[in-house]
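Visitor: Structure incoming, see below.
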Amino acid sequence: MNHIQLDITKATSFLNEGAVKAYESKVKAAQKSLENATCPGNDFLGWLHLPSSITPAFLDEVQTVADILREKCEVIVVAGIGGSYLGARAVIEALGNSFAWLVNDKHNPAIVFAGNNIGEDYLFELSDYLKDKRFGVINISKSGTTTETALAFRLLKKQCEAQLGKDEARQVIVAITDAKRGAARAAADKEGYKTFVIPDNVGGRFSVLTPVGLLPIACAGFDIQALVAGATDMEKLTGPEVPFEQNIAAQYAAVRNALYADKGKKIEIMVNYQPKLHFIAEWWKQLYGESEGKEHKGIFPASCDFTTDLHSMGQWIQEGERSIFETVISVEKPARELLFPNDEENLDGLNFLAGKRVDEVNKMAELGTLLAHVDGGVPNIRISVPELNAYYIGQLIYFFEIGCGISGNLLGVNPFNQPGVETYKKNMFALLDKPGYEVESKAIKERLK
């Protein structure tokens, strides 16, 4: 197996015969509209052929900057929110040591995240953690005015300059921002920071394979060439010329839309059996939720970490309202080997597992759960990943991106905007009495009386 695989048989069994095949012409039309840039949001299609357009010279440039930060810094803070941090964090956590934050690794700086919340305790504790560290900052913001990120960066910039001095600080602060416009661009030009550009035609949630994701991933010590190679191969494997039955992204888009439209399955639960994949699911939730949740349409994206969440959500999934289906990411081969030991007293009664790999126990839990949930009326889609390395994670990223583009077009919405996200911001600015929001401030405060 040299690429990820898709098994939809435990989902199509819940559909009428030929239901997925019936979507073939719609899927082809949806993918053609992406290729021809005739779909809604066609000014944000830069991700579509991004993997194959990335040059070795560009990857070398990203790696060079990463190597400088790795050499100079004990800690690198990635400041960003939404797509400006989720993709990088997803890849770093999928490939990294689960206890990296406890490991004193002289070869790899610690990667921490800020700018994704407004928690005062979080930011105070981050500042306290950094006060005796040589740290750098990757500030990711197209505008430079996103509240969460701008607030965090202001604090981090001040602290970095205070600890290192302005000259040294500018060597370890990198801005990933707009090519010409915005507060972050202006600050970077004024201070002389190294910069990378967020392409105008790539939205945040599709930006993992731009410097937004590539630089933090390279700083963490992972192979960005392999990541891009995996995505490039998946771009070929899911192209519009690939037959419908062989195109796993087309099949995924078709079956999930058939479950939604034909069988009323309104919730998709992304399931993993590897704790390292928790943030892959978090990234996926933003990708699909922000892309499809419009015009009172869209499958609600949820996630569970199994077997952990079987002890909290398992009852609801097994016997609750039948409005759900599951998509399981299954990793075929773990990176490590651990055998279950024998115990002479056998008080827990588990000696029947002695000598087995822990992963075998995990795989049987996965299979047993799949059978139980299917028997309980929950359709299951299975995505098999040969192993967790940069190449296959690159494949997974592009698979979900192209599947999302096709699926959003099938749904009849613009998958590349997010107008609803702005509503809370307007209310927040009005409540904070931001200049220019005087009318809104007065109106909203009247509502709260």
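The values are calculated or read from the model by the stated rules, or taken from the named source; none is laboratory data. This is a predicted model, so every value here is computed, not measured. Glycine gets a Cβ as well: all are built from the backbone with ideal geometry, and neighbour counts include every protein chain shown. Each accessible area value is taken on the protein alone, full model and side chains, heavy atoms only, with ligands, DNA and RNA left out. Shrake-Rupley method; radii C 1.70, N 1.55, O 1.52, S 1.80 Å.
Visitor: (1) open to solvent by less than 20 Å² (accessible area, probe 1.4 Å); (2) part of a helix (DSSP H, G or I); (3) within 25 Å of Gly368 (Cα to Cα): which one isn't true of Leu310, the others all being true?
Guide: Leu310 satisfies all of (1) open to solvent by less than 20 Å² (accessible area, probe 1.4 Å); (2) part of a helix (DSSP H, G or I); (3) within 25 Å of Gly368 (Cα to Cα) except (1).
Visitor: Give me the helices (runs of 4 or more DSSP H) completely within region 337-449, filtered to those with at least 2 residues that are touching a Ser or Thr at 6+ places or on another chain (Cβ under 8 Å) and within 30 Å of Asn117 (Cα to Cα), ordered by residue number. Walk me through it before giving the result.
Guide: Numbers: elements: 358-375, 390-411, 422-431, 438-447.
The helices (runs of 4 or more DSSP H) meeting that bar are 390-411, 422-431.
Visitor: Looking at region 71-113 only, could you name the residues that are more than 25 Å from Arg170 (Cα to Cα) and surrounded by fewer than 17 Cβ atoms within 10 Å (Cβ to Cβ)?
Guide: Asn97, Ser98, Phe99, Ala100, Trp101, Leu102, Val103, Asn104
Visitor: In addition: All but one of (1) touching a residue at least 40 places away in the same chain (Cβ under 8 Å); (2) over 19 Å from Thr145 (Cα atoms) hold for Lys166; which doesn't?
Guide: Single failed check for Lys166: (1).
Visitor: Now a separate question. Being in a helix (DSSP H, G or I), within 14 Å of Tyr391 (Cα to Cα) and not charged (D, E, K, R) is the filter here, so list the residues in region 219-236 that pass it.
Guide: Within region 219-236, Ile224, Gln225, Ala226, Leu227, Val228, Ala229, Gly230, Ala231, Thr232, Met234 meet the criteria.
Visitor: How many residues does region 194-225 contain that are free of Cβ contacts under 8 Å to residues at least 24 places away in the same chain and of a type in the set (Ser, Thr, Tyr)?
Guide: Residues flagged as free of Cβ contacts under 8 Å to residues at least 24 places away in the same chain and of a type in the set (Ser, Thr, Tyr) within region 194-225 amount to 1.
Visitor: Let me ask you something else. Tell me yes or no: at least one residue of region 49-70 is open to solvent by less than 20 Å² (accessible area, probe 1.4 Å), in contact (Cβ under 8 Å) with a residue 24 or more places away in the chain and over 21 Å from Ala175 (Cβ atoms).
Guide: yes
Visitor: Now a separate question. I'm trying to understand the selection: among the residues of region 263-301, which are open to solvent by 20 Å² or more (accessible area, probe 1.4 Å), under 25 Å from Ala335 (Cβ atoms) and polar (S, T, N, Q)?
Guide: Correct list: Gln274 only.
Visitor: Could you list all residues from region 114-138 that are outside any loop (DSSP other than H, G, I, E, B) and open to solvent by 10 Å² or more (accessible area, probe 1.4 Å)?
Guide: Glu120, Asp121, Tyr122, Leu123, Phe124, Glu125, Leu126, Ser127, Asp128, Tyr129
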